[in-house]
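Peer 1: Please find one structure pasted underneath; my questions will follow.
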Amino acid sequence: MDLLIKNGTIVTASETYRADIAVDKGKIAAIGSCFEEENFDAVEDAQNKLVLPGAIDGHTHLALAFGGTVSSDDYYAGTRSAACGGTTTVFDFVQQEQGERMLDAVKRRDAMASVDAAVDYSFHIGVGDVSSEEMLDSMEEAVENGIPSFKVYMVYDFGVDDGSFYKVLEKSKEIGAIVGVHAENRDVNEYLVKRYLNEGKVSAWWHYMSKNEMVEGEADVRAINLAKMAEAPLYIVHLADKMGMEAVTAARNEGYPIFAETCPQYLHFTNEVYKRDRGRDFVCSPPMKNEESREALWNGIRNGNITTIATDHCPFKQSEKDWGIVKKDGTPGDFTTIPNGCAGVENMYPYVLAQAVAGRISFNKAVELCAANPAKLFGLDHIKGSLRPGLDADIVIYDPEKNFTITNDAMHGDTDHTIWEGVRLKGYPQATYSRGRLVFRDGKFLGKRGDGKLIRCKKLKFNGPEL
């Protein structure tokens, strides 16, 4: 056999126990004890370490064209960074163009990803055109080819109106798919932006104010109501506000299949970051909110109403963030000219696991949020998200005693800064295996460009709030 991981403590979403893992041909072949080491090509001693399933980041934007530039991590840099943080599968977004069938959009994007990705990946399809029955029906073609997840935006010029959103929800229920939503009130956001700019309010703080708690919360509530009307499941991405958290909790308590994702940046930072000298580095959408919202999200994690944690990884260089001061054409900038997004794919699993070391959550909860639940929600739990025979050998060896301070120099992406600079963590990944291949050890990336493969997900069905 290829690999034996011995003497470690295995942690899944539901169990913690001592055992060894035998890996062969990229799969977990067996879990047990008393394996003969001479039968393996390689042996990993995980004494005093935790053995975890690789994380699944359900929300990344790699090589994304936005705000007059392209996010600085392409499919190689982004997946390389993921591997070094213990994430072995990423979901990226492909935006459907006008007149483009959904599956054609996936094929277009996969042509970029397949040659570069260092770990496995899949896609969510950003809905751009359901103006005809042909375009709407093309959702089913995507589902039949292993892409059962779609996303609608309630903001931006490519966002959908409520009627189109409702049509997509209805269709998703019919074909075994789920719809994610970026929920912010577009009309109010645009009104506030114009007002603040007319008043000469141009700093990063006003990015937050134009997308404040109510701007996001109202859209969360409206999105949930649309899903109830359509009797369809709904996935609220990057939830950041208390009102939305309360609406998710109420809907789930009523038995509706409403699921919410939040991100580490909303669990750690608040809107106070926009008052910093380089507050523009933290500009993302939705922005970080107040302390009350941050605590509401932690309560949502503790009571089970946050289903997943992902990153919304979408980094830009500091020189591009500086367009909020002076645009690339040399004219004065403002908060609307700052590319929206931050790095996070390398930080998610270490940050969440460090909360388990600190006793804020259990290690089982960390694995549930970052691996098991994303696998169930997106239809790949038959191959990933846990540690059991037959699943892909996506495995992280985690040292709960290692002290680690996040610096950009220690990260493995292509951006030149991190909003996590100086954050100290207790515990850190020591090694990462992707389908049995060692891709990271002790701070060094050991994987290869193009080794990642597209994961085909199964059809989805939700009868209530439980996965």
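Peer 1: Identify, please: which residue in segment 34-46 is in a loop (DSSP other than H, G, I, E, B) and open to solvent by 80 Å² or more (accessible area, probe 1.4 Å) and is, among those, modelled with the lowest pLDDT? Working first, answer last.
Peer 2: Step one: of segment 34-46, the residues in a loop (DSSP other than H, G, I, E, B) are 34-36, 40-41, 46.
Add one more test, that the residue is open to solvent by 80 Å² or more (accessible area, probe 1.4 Å), and what stays is 34, 36, 41.
Numbers: Cys34: 89, Glu36: 95, Asp41: 97.
Checked segment 34-46; the qualifying residue modelled with the lowest pLDDT is Cys34.
Peer 1: Asp399: open to solvent by 50 Å² or more (accessible area, probe 1.4 Å), of a type outside the set (A, V, I, L, M) and either in a loop (DSSP other than H, G, I, E, B) or closer than 21 Å to Leu438 by Cβ (or both), yes or no? Quick ask: steps written out before the conclusion?
Peer 2: Working: open to solvent by 50 Å² or more (accessible area, probe 1.4 Å): no; of a type outside the set (A, V, I, L, M): yes; either in a loop (DSSP other than H, G, I, E, B) or closer than 21 Å to Leu438 by Cβ (or both): yes.
Criteria not met by Asp399.
Peer 1: For Thr405, are the conditions met, namely being touching a Leu at 6+ places or on another chain (Cβ under 8 Å) and open to solvent by 30 Å² or more (accessible area, probe 1.4 Å)? Please lay out each step first, then the result.
Peer 2: Working: touching a Leu at 6+ places or on another chain (Cβ under 8 Å): yes; open to solvent by 30 Å² or more (accessible area, probe 1.4 Å): yes.
Judged against the criteria, Thr405 is a match.
Peer 1: Sticking with this one: I'd like to check something: does segment 371-392 contain any residue that is among the aliphatic types (A, V, I, L, M), under 20 Å from Arg424 (Cα atoms) and surrounded by 24 or more Cβ atoms within 10 Å (Cβ to Cβ)? Give the steps one after another, and end with the answer.
Peer 2: Let us first name the residues in segment 371-392 that are among the aliphatic types (A, V, I, L, M), namely 371-372, 375, 377, 380, 383, 387, 391.
Then keep just the ones that are under 20 Å from Arg424 (Cα atoms); that gives none.
Looking through segment 371-392, none of the residues is among the aliphatic types (A, V, I, L, M), under 20 Å from Arg424 (Cα atoms) and surrounded by 24 or more Cβ atoms within 10 Å (Cβ to Cβ).
Peer 1: Look through Asp73, Asp92, Asp57 and report the one residue that is under 19 Å from the mean Cα position of the chain (by Cα) and assigned to a loop (DSSP other than H, G, I, E, B).
Peer 2: Working: Asp92 fails: assigned to a loop (DSSP other than H, G, I, E, B); Asp57 fails: assigned to a loop (DSSP other than H, G, I, E, B).
Within the list Asp73, Asp92, Asp57, the selection yields Asp73.
Peer 1: Can I ask one more? With the requirement that a residue be in contact with a Lys or Arg (Cβ under 6 Å, 6 or more places away or on another chain) and either in a loop (DSSP other than H, G, I, E, B) or surrounded by fewer than 23 Cβ atoms within 10 Å (Cβ to Cβ) (or both), what does segment 137-153 give you?
Peer 2: Across segment 137-153, the qualifying residues are Ser138, Gly146, Pro148.
Peer 1: Can you pull out every residue in segment 66-100 that is among the charged types (D, E, K, R) and either touching a strand residue (DSSP E or B) at 6+ places or on another chain (Cβ under 9 Å) or touching a residue at least 40 places away in the same chain (Cβ under 8 Å) (or both)?
Peer 2: So the first thing to find is which residues in segment 66-100 are among the charged types (D, E, K, R), and the list is 73-74, 80, 92, 97, 100.
Scanning segment 66-100 gives Asp73, Asp74, Arg80, Asp92.
Peer 1: Collect the residues in segment 138-177 that are free of Cβ contacts under 8 Å to residues at least 24 places away in the same chain and either in contact with a strand residue (DSSP E or B) (Cβ under 7 Å, 6 or more places away or on another chain) or not charged (D, E, K, R) (or both), keeping them in residue-number order.
Peer 2: The one that is free of Cβ contacts under 8 Å to residues at least 24 places away in the same chain and either in contact with a strand residue (DSSP E or B) (Cβ under 7 Å, 6 or more places away or on another chain) or not charged (D, E, K, R) (or both): Gly163.
Peer 1: When the residues of segment 358-383 are filtered to those that are assigned to a loop (DSSP other than H, G, I, E, B) and touching a residue at least 40 places away in the same chain (Cβ under 8 Å), which remaining residue is farthest from Cys457 (Cα to Cα)? So that I can check it myself, show each step before the final result.
Peer 2: First, the residues of segment 358-383 that are assigned to a loop (DSSP other than H, G, I, E, B): 358-362, 379-383.
From what's left, touching a residue at least 40 places away in the same chain (Cβ under 8 Å): 358, 360-361, 379-380, 382-383.
Working: Ala358: 34, Arg360: 32, Ile361: 29, Gly379: 5, Leu380: 5, His382: 9, Ile383: 9 Å.
Restricting to residues being assigned to a loop (DSSP other than H, G, I, E, B) and touching a residue at least 40 places away in the same chain (Cβ under 8 Å), the top hit is Ala358.
Peer 1: Give the residues of segment 106-131 that are in a loop (DSSP other than H, G, I, E, B), among the polar types (S, T, N, Q) and modelled with pLDDT of 95 or more, sorted by residue number. Quick ask: steps written out before the conclusion?
Peer 2: Our first condition is that a residue be in a loop (DSSP other than H, G, I, E, B); within segment 106-131, this holds for 114-119, 127-131.
Checking the rest, the ones that are also among the polar types (S, T, N, Q) come to 114, 131.
Answer for segment 106-131, where residues must be in a loop (DSSP other than H, G, I, E, B), among the polar types (S, T, N, Q) and modelled with pLDDT of 95 or more: just Ser114.
Peer 1: Would you mind stating whether Arg437 is basic (Lys, Arg), in contact with an Asp or Glu (Cβ under 8 Å, 6 or more places away or on another chain) and either at positive phi or surrounded by 15 or more Cβ atoms within 10 Å (Cβ to Cβ) (or both)? Walk me through how you get there before you give the answer.
Peer 2: Values: basic (Lys, Arg): yes; in contact with an Asp or Glu (Cβ under 8 Å, 6 or more places away or on another chain): yes; either at positive phi or surrounded by 15 or more Cβ atoms within 10 Å (Cβ to Cβ) (or both): yes.
Against the criterion (basic (Lys, Arg), in contact with an Asp or Glu (Cβ under 8 Å, 6 or more places away or on another chain) and either at positive phi or surrounded by 15 or more Cβ atoms within 10 Å (Cβ to Cβ) (or both)), Arg437 qualifies.
Peer 1: Right, something else. Between a first residue in segment 327-356 that is in contact (Cβ under 8 Å) with a residue 12 or more places away in the chain and at negative phi and a second residue that is of a type in the set (D, E, K, R) and assigned to a helix (DSSP H, G or I), which pairs have beta carbons less than 6 Å apart while being 6 or more apart in sequence or on different chains?
Peer 2: As it stands, the answer is Ile338/Arg280; Ile338/Lys321; Pro339/Glu320, since those pairs meet every condition given.
Peer 1: Another question about this same structure. Return a yes/no flag: does segment 157-172 have any residue that is open to solvent by 10 Å² or more (accessible area, probe 1.4 Å) and of a type in the set (Phe, Trp, Tyr).
Peer 2: Yes; the residues of segment 157-172 include at least one that is open to solvent by 10 Å² or more (accessible area, probe 1.4 Å) and of a type in the set (Phe, Trp, Tyr).
Peer 1: Could you run through segment 180-200 and say how many residues are touching a helix residue (DSSP H, G or I) at 6+ places or on another chain (Cβ under 8 Å) and either part of a loop (DSSP other than H, G, I, E, B) or hydrophobic (A, V, I, L, M, F, W, C) (or both)?
Peer 2: Qualifying residue count for the region: 8.
Peer 1: Against the definition (outside any helix (DSSP H, G or I), hydrophobic (A, V, I, L, M, F, W, C) and in contact (Cβ under 8 Å) with a residue 12 or more places away in the chain), how does Leu103 come out, yes or no? Let's see the steps before the verdict.
Peer 2: On the way: outside any helix (DSSP H, G or I): no; hydrophobic (A, V, I, L, M, F, W, C): yes; in contact (Cβ under 8 Å) with a residue 12 or more places away in the chain: yes.
It is false that Leu103 is outside any helix (DSSP H, G or I), hydrophobic (A, V, I, L, M, F, W, C) and in contact (Cβ under 8 Å) with a residue 12 or more places away in the chain.
Peer 1: Return the only residue of Lys365, Lys384 being more than 22 Å from Thr418 (Cβ to Cβ) and out of contact with any strand residue (DSSP E or B) (no Cβ under 8 Å at 6 or more places or on another chain).
Peer 2: Numbers: Lys384 fails: out of contact with any strand residue (DSSP E or B) (no Cβ under 8 Å at 6 or more places or on another chain).
Only one candidate passes the filter, namely Lys365.
Peer 1: Sort out which residues of segment 8-28 are part of a strand (DSSP E or B) and open to solvent by 50 Å² or more (accessible area, probe 1.4 Å), and write them in order of number.
Peer 2: The first filter runs over segment 8-28 and keeps only residues part of a strand (DSSP E or B), leaving 8-11, 16-24, 27-28.
Once the filter is applied, which keeps residues that are part of a strand (DSSP E or B) and open to solvent by 50 Å² or more (accessible area, probe 1.4 Å), segment 8-28 yields Thr16, Tyr17, Arg18, Lys27.
The values are calculated or read from the model by the stated rules, or taken from the named source; none is laboratory data. Predicted model only: the values in this text are computed from it and were never measured. All Cβ positions, even for glycine, are placed from backbone atoms using ideal geometry, and neighbour counts span all protein chains on display. The accessibility values were calculated without ligands, DNA or RNA, using every heavy atom of the protein model including side chains. Shrake-Rupley method; radii C 1.70, N 1.55, O 1.52, S 1.80 Å.
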